[in-house]
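Take this structure first; my questions come after.
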Amino acid sequence: MILVADDDLGTRLSISDYLELSGYSVMTADNGQEALAMVEEYQPDLIVTDIVMPRMNGYELVRRVRQKPVFRLIPVILLTARTKTQERILGYQSGCDLYLPKPFELEELAAAIRNLLERSQIIQSEYRYYQENLATSTAIKTVDGHNSLSTQIQEPQMLSGLTTREQEVLELLTHGLSNVEMGHQLHLSPRTVEKYVSSLLRKTETNNRAELVRFAIKHGLVE
């Protein structure tokens, strides 16, 4: 989902039509305030915004978006006819990811969008990986702290410690998929998939993928 904010109707329509033909879902706004409301309600995956707009300019829109932690990873492209160095600096200081001067080619904009979305997906998958493992580590430490439950975790941390994503990776591993193939299916980078595999090896106390698959089947961790 891409949000396009521009007070010029022709620009909005040309960008939104091109992106929809490229396979994206698009929503549009003709001023900064409306765009901010749409960000808060729909949480788009990327924002394309003009700078000079009524009610709230692009600089302020980006600043307001970046103030909220949940929106800090949304990629933002600033479009403007203003090309002076100081104005570009203001754009980056406000928190934009790319400053694209007008006039621009729609093909170039689409290429920039693809690049930023792919990078954003990798960053967010890495973030989820660390968050999931932090939660798992905290849960294990909590169980360790209760003597009455200590005997339950003397076995490998297989049943209580797997995150949803690790279970998905484990299921695909049993089908013999590579990191790249699993990454395509789960929308993760191969590097992130490898981290999940390493985490599974550690939690199940197995030495390689073949042992891990046998372990998962033996203990009913996969269907």
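Read the figures in this text as sums done on the coordinates, not as results from a lab. Note that the coordinates shown come from a computational prediction; the quantities given were computed from them, not determined experimentally. Here the Cβ positions follow ideal geometry from the backbone for every residue, glycine too, while neighbour counts run over all protein chains shown.
Hey, how many Å between the Cα centroid of the range 8-48 and the Cα centroid of the range 205-219?
The range 8-48 and the range 205-219 have Cα centres separated by 47 Å.
Amide H of L46: which non-local residues (sequence gap of 5 or more, or other chain) have their own amide H closer than 5 Å, using H built in the peptide plane?
Distant-sequence amide H within range of L46: L3.
Given H placed 1.01 Å from N in the peptide plane, which residues other than close sequence neighbours of S22 have an amide H under 5 Å from its amide H?
Result for S22 returns nothing.
Note the direction-averaged projected area, equal to a quarter of the hull surface, for the Cα convex hull of the range 52-109, in nm².
Numbers: hull surface 17.3 nm².
Value for the range 52-109: 4.3 nm².
Evaluate the charge dipole of the range 2-104 about its Cα centre and quote only its size in Debye, nearest 20, assuming +1 on the Cβ of each Lys and Arg and -1 on the Cβ of each Asp and Glu.
So the magnitude is around 520 debye.
Here's a follow-up. Which cross-chain or sequence-distant (5 or more) residues have an amide H under 5 Å from the amide H of T80, H modelled 1.01 Å from N in plane?
Distant-sequence amide H within range of T80: L100, K102.
Shifting gears a bit: For E168 and K68, what does the FRET efficiency come to when R0 = 25 Å and r is the distance between their Cβ atoms, rounded to the nearest 0.05?
0.30
Among F71, F104, what is the fewest-to-most ranking by other Cβ atoms within 10 Å? Walk me through the intermediate numbers first.
Details: F71 19, F104 13.
Going from least to most buried by this count: F104, F71.
Further, regarding this structure: Residue separation times 0.36 nm, minus the C-alpha to C-alpha distance between R88 and E211: what's the value?
Roughly 38.9 nm would be gained on extension.
Something else now. Can you give the FRET efficiency for E60 and V180, using 1/(1 + (r/R0)^6), R0 = 41 Å, r = Cβ-Cβ distance, to the nearest 0.05?
Efficiency, from the Cβ-Cβ distance: 0.50.
Could you list the trypsin sites (Lys or Arg not before Pro) in the range 21-98 that lie in coil according to DSSP, counting only those with at most 11 other Cβ atoms within 10 Å of their Cβ? Please list the in-between numbers first.
Numbers: sites: R55, R63, R64, R66, R72, R82, K84, R88; in loops: R55, R72, R82, K84.
Those that pass, being in a loop and sparsely packed, are R72, K84.
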